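Reading through the C-alpha cells given below for one structure.
The values are calculated or read from the model by the stated rules, or taken from the named source; none is laboratory data. Here the structure is a predicted model, which is why all the values come from computation and not from measurement. Cβ: placed from backbone, ideal geometry, glycine included. Neighbour counts: every protein chain shown. Accessible surface areas use protein heavy atoms only, side chains included; no ligands, DNA or RNA. Shrake-Rupley method; radii C 1.70, N 1.55, O 1.52, S 1.80 Å.
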Amino acid sequence: MKTETTIQGLTASLAPARTTKKLIGFVPTMGNLHEGHLTLVRAAKKICDVVVVSIFVNPIQFGAGEDFDSYPRTLEQDSRLLADVGCDIIFAPSVEQMYGKHPRLTNIRVGQITNDLCGESRPGHFDGVGTIVKRLFEIVAPTKAYFGEKDFQQLQIVKKMVAKNNLK
C-alpha cells in the first residue's frame, strides 16, 4: 500500500491504472477510521481494481466554535487498518496541497438543502463538504465513489453536488 501526500504523487500512482482502464474506487474520509469506513473499502475492493482512501481533515467544513485543531488525526493507526482491508493508496494531503497558499477561487454552494436539519446549526459546513468532495473528485477521478449512509443529509448533498457538476 502506498501513501501519497501530493496531488502529483497520487496522479503518478494512478497513471498505470488509468492507462490500462482499471476501475478506481474512492472512499473519502477525514481519518480516525471506524468499521463503517472499513466496510466501504471492502465493498470497493470487491468491484474495483484500485482503491484510494483520502484522509483529509477539511478546515472549511468547521465553523466558529468547532475545533478543527482538536479533530483526531490518527494516520498511523488508519494506515494499519487500511492495509488490513486491502486499500491500495492512501491520499493524505496537507491543507496547502488541497487549497494552495492563496484564498480558494472556487467554493461549492449546494443550496437550500444545506440550511435544514443539522445544517441550520452549522452554517457553511455542508458547503465545505461539497467543496472538498468536488476537489477530491477532480484529483482522484474515480470510477466509483463510496459514501456511508450514516449522515443522510450529507449523502444527499454529495449526490446533488455530483449531479449538478456532472461528476458521474
Identity of the residue in the range 1-59, among the hydroxyl-bearing types (Ser, Thr, Tyr) and within 11 Å of Val140 (Cα to Cα), that ends up surrounded by the fewest Cβ atoms within 10 Å (Cβ to Cβ): Thr11
message: Being part of a loop (DSSP other than H, G, I, E, B), of a type outside the set (A, V, I, L, M, F, W, C) and open to solvent by less than 50 Å² (accessible area, probe 1.4 Å) is the filter here; which residues of the range 79-98 pass it?
response: Gly86, Asp88, Pro93
Flag if Lys101 is open to solvent by 30 Å² or more (accessible area, probe 1.4 Å), at pLDDT 95 or above and more than 16 Å from the chain's Cα centre (by Cα): no
